[in-house]
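A short worksheet on the structure shown next.
Each reported figure results from applying straightforward, stated rules to the coordinates on display, with no laboratory input. Predicted model only: the values in this text are computed from it and were never measured. For neighbour counting, all protein chains shown are included, and Cβ atoms are generated from backbone atoms with ideal geometry for every residue, glycine included.
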Amino acid sequence: MDIGLKEENVKAIGVALNGYLADLYVLVTKTKNYHWNMKGKHFYSYHKMLQGQYEALDEAVDEVAERIVMIGGVAKGTLKEFIESKTLKEEQGVPSEHEMIKKLADDNEQIVTGLRKKISLCQENHDEGSADLLIKMIQVHEKAAWMLRSSLEK
Ligand SMILES: [Fe+2]
């Protein structure tokens, strides 16, 4: 496909998008883990909220991976590669419901901060399509962070 992107552009964007893909994968997994293992007085509402979030993230995993391939790159697709390029931390054990919500809020906020740099990088490399996808995703993560953070207020 000739869409006016040079090899060096695709390479730089591919690294940025694959990094985001790895973090998305970790976040989907953590959100599902907490959806499954949560216990406590807010169980039902948190369980429902986390389901909505991992469903949106799961769709994004597919879109980001396909975008990487669409522009001429190679999408990472093994758990080993995701673990090697993720920036989010994975926790051991089963935290309290309050801790789970806090960790997910932190992770969504960390992703938003990282996405700002990745969006600039896509624009510098003349890839408005990838920038647009990340701009949409920044809003998904901001909304998730807001909902999670608001649930922590006493
Ligand atoms: Fe479920």
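Computed values, structure above
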{"item": "More than 13 Å apart - percent of Cα-Cα pairs taken over segment 93-154", "result": "63 percent"}
{"item": "Cα centre as origin, Lys/Arg/Asp/Glu Cβ charges: the chain dipole, Debye", "result": "660 debye"}
{"item": "log10 of Debye I(q)/I(0), alpha-carbon scatterers only, for segment 1-115 at 0.15 Å⁻¹", "result": "-0.68"}
{"item": "Table column - 3J(HN,Hα) (Hz), segment 54-69, Karplus curve with 6.51, -1.76, 1.60, x for Gly and Pro", "result": "5, 5, 5, 5, 4, 5, 5, 3, 5, 5, 5, 4, 5, 5, 4, 6"}
{"item": "Rh by Kirkwood over Cα pairs, then Stokes-Einstein D for segment 15-60 at 1.567 mPa s and 4 °C, µm²/s", "result": "117 µm²/s"}
{"item": "Unit charges at the beta carbon, dipole of segment 1-136: most positive-side option, Gln51, Ile111, Ala12", "result": "Gln51"}
{"item": "Extension gain (nm, one decimal) between Glu153 and Thr87, 0.36 nm per residue minus Cα-Cα", "result": "21.1 nm"}
{"item": "Angle in degrees between helix 7-37 and the longest Cα principal axis of the chain, rounded to the nearest 10", "result": "10 degrees"}
